[in-house]
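Working notes, beginning with the structure itself.
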Amino acid sequence: MSFVLIDRPRPHVALVTLNRPERMNAMAFDVMVPFRHALEDLGRENDVRVVVVTGAGAGFCSGADMENPGAIPGIEGLTLPTIALRSMGLLDEVITTIRRMPQPVMAAVNGAAIGGGFCLSLAADIRVASEAAYFRAAGINNGLTAAELGLSYLLPRAVGSSRAAEIMLSGRDVDAAEAERIGLVSTTVGAGDLLDHCLDLADRIIGFSRPGTELTKRMLNASLDAGSLQSHMDHEGLSQLFVRLTTRNFEEATAARKEQRPPVYTD
């Protein structure tokens, strides 16, 4: 049984499904290591313009598997402290891999996104939730810290520092309706419409130029670390000039509007 499924539901779209529904797609190493490898491979696949990540069954991802964490690769001869460090490093790499991918990554959150699964959804560029989705920073409920896999960095930037603190320190569930209201997800749709909505949005993104979408993702991610508005605007200006001066995309967009047709970008 493959724990990670890759489908091509539409041209230029890759659908990656965490496929361990009996454990609500928990983050066992047997799942996360091939998941990261699949993302790395897709990042190098030039025909893929958008990646959609979802979970099989009723859950998106339920976080760490407390019962069966799976085999940790490359730990022969190591002691427990180093094994623990390597383990966290492997999971951290899943988050950073999503952020580094050139393509926009969309999380189709079909159910529970708990603990590390919450972090996984936040790593995506766009989050769309089904009505059955909910989010929980579960570490605090397990006697641990709620801060893991970038959650204390990404969540305040998504919903604000006070709201993030309340969500993380209370360990409560955030349902789909609240997630949309506070900006944690871009929209909430019916469970049966989730993938179609995400694929339609992917088609819209694919209609724009490749450097336009890839540089927009880069700029959005860079803004999280920007030291000042001015420094970030300098980066934005360079990215805009790069596309404007090295392609004919602007001219094609202008001509297409005049001729009332979809643009055809050759980049």
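The values are calculated or read from the model by the stated rules, or taken from the named source; none is laboratory data. Quick caveat, the model's predicted, so the values are computed rather than measured. Cβ placement follows ideal geometry from the backbone for every residue including glycine, while neighbour counts extend to all protein chains displayed.
Output the qualifying pairs, or none if there are none: Cβ atoms under 9 angstrom, residues six or more apart or on different chains, first residue in segment 167-178 and part of a helix (DSSP H, G or I), second residue loosely packed, with under 14 Cβ neighbours inside 10 Å.
MET168/THR145
Considering only residues of segment 76-108 that are at negative phi, in a loop (DSSP other than H, G, I, E, B) and more than 14 Å from the chain's Cα centre (by Cα), which is surrounded by the fewest Cβ atoms within 10 Å (Cβ to Cβ)?
GLU76
Only one of ARG136, ARG127 is surrounded by 22 or more Cβ atoms within 10 Å (Cβ to Cβ), assigned by TED's automatic domain parsing to the domain that holds LEU85 and in contact (Cβ under 8 Å) with a residue 40 or more places away in the chain. Can you tell me which? Let's see the steps before the verdict.
On the way: ARG136 fails: in contact (Cβ under 8 Å) with a residue 40 or more places away in the chain.
None of the other options fit; the residue is ARG127.
Based on this model, can you work out whether ALA158 counts as touching a Leu at 6+ places or on another chain (Cβ under 8 Å), surrounded by fewer than 24 Cβ atoms within 10 Å (Cβ to Cβ) and outside any helix (DSSP H, G or I)?
Numbers: touching a Leu at 6+ places or on another chain (Cβ under 8 Å): yes; surrounded by fewer than 24 Cβ atoms within 10 Å (Cβ to Cβ): yes; outside any helix (DSSP H, G or I): no.
Criteria not met by ALA158.
Does VAL33 satisfy being out of contact with any Lys or Arg (no Cβ under 7 Å at 6 or more places or on another chain) and within 30 Å of GLY212 (Cβ to Cβ)?
Working: out of contact with any Lys or Arg (no Cβ under 7 Å at 6 or more places or on another chain): yes; within 30 Å of GLY212 (Cβ to Cβ): no.
Criteria not met by VAL33.
Scanning for something surrounded by fewer than 22 Cβ atoms within 10 Å (Cβ to Cβ) and assigned to a loop (DSSP other than H, G, I, E, B), does segment 109-119 turn up at least one residue?
Checked segment 109-119: no residue is surrounded by fewer than 22 Cβ atoms within 10 Å (Cβ to Cβ) and assigned to a loop (DSSP other than H, G, I, E, B).
Within segment 192-210, is even one residue within 30 Å of ALA112 (Cβ to Cβ), among the small types (Gly, Ala, Ser) and either more than 19 Å from the chain's Cα centre (by Cα) or loosely packed, with under 13 Cβ neighbours inside 10 Å (or both)?
Applying the first criterion (within 30 Å of ALA112 (Cβ to Cβ)) to segment 192-210 yields 192-206.
Narrowing the set further to residues that are among the small types (Gly, Ala, Ser) leaves 192, 202.
From the residues that got through so far, the ones that are either more than 19 Å from the chain's Cα centre (by Cα) or loosely packed, with under 13 Cβ neighbours inside 10 Å (or both) too are 192.
Yes: one or more hits.
Is it the case, given these coordinates, that ILE98 is over 21 Å from VAL13 (Cβ atoms), aliphatic (A, V, I, L, M) and touching a residue at least 40 places away in the same chain (Cβ under 8 Å)?
Numbers: over 21 Å from VAL13 (Cβ atoms): no; aliphatic (A, V, I, L, M): yes; touching a residue at least 40 places away in the same chain (Cβ under 8 Å): yes.
Here the answer is no, as ILE98 does not meet what is asked.
Looking at segment 131-143, can you tell me whether even one residue there is part of a helix (DSSP H, G or I), at negative phi and in contact with a Lys or Arg (Cβ under 7 Å, 6 or more places away or on another chain)? Even if it seems obvious, please write down each step before you answer.
Step one: of segment 131-143, the residues part of a helix (DSSP H, G or I) are 138-142.
Keeping just the survivors that are at negative phi gives 138-142.
Now restrict to residues that are in contact with a Lys or Arg (Cβ under 7 Å, 6 or more places away or on another chain): none.
No.
Filter segment 183-240 down to the residues that are within 17 Å of ALA123 (Cα to Cα), of a type outside the set (Gly, Ala, Ser), in a loop (DSSP other than H, G, I, E, B) and modelled with pLDDT of 95 or more and list them by number.
LEU184, VAL185
From the residues in segment 33-72 that are among the charged types (D, E, K, R) and at pLDDT 95 or above, which one is farthest from LEU151 (Cα to Cα)? Write out each step before concluding.
Just the residues of segment 33-72 that are among the charged types (D, E, K, R), to begin with: 36, 40-41, 44-45, 47, 49, 65, 67.
Imposing the further condition that a residue be at pLDDT 95 or above reduces the set to 36, 40-41, 44-45, 47, 49.
Details: ARG36: 18, GLU40: 22, ASP41: 25, ARG44: 27, GLU45: 28, ASP47: 31, ARG49: 26 Å.
So, considering only residues that are among the charged types (D, E, K, R) and at pLDDT 95 or above, the one farthest from LEU151 (Cα to Cα) is ASP47.
If I ask for residues that are surrounded by fewer than 22 Cβ atoms within 10 Å (Cβ to Cβ) and farther than 21 Å from MET66 by Cα, which ones from segment 18-54 would you list?
HIS37, ALA38, GLU40, ASP41, LEU42, GLY43, ARG44, GLU45, ASN46, ASP47, VAL48
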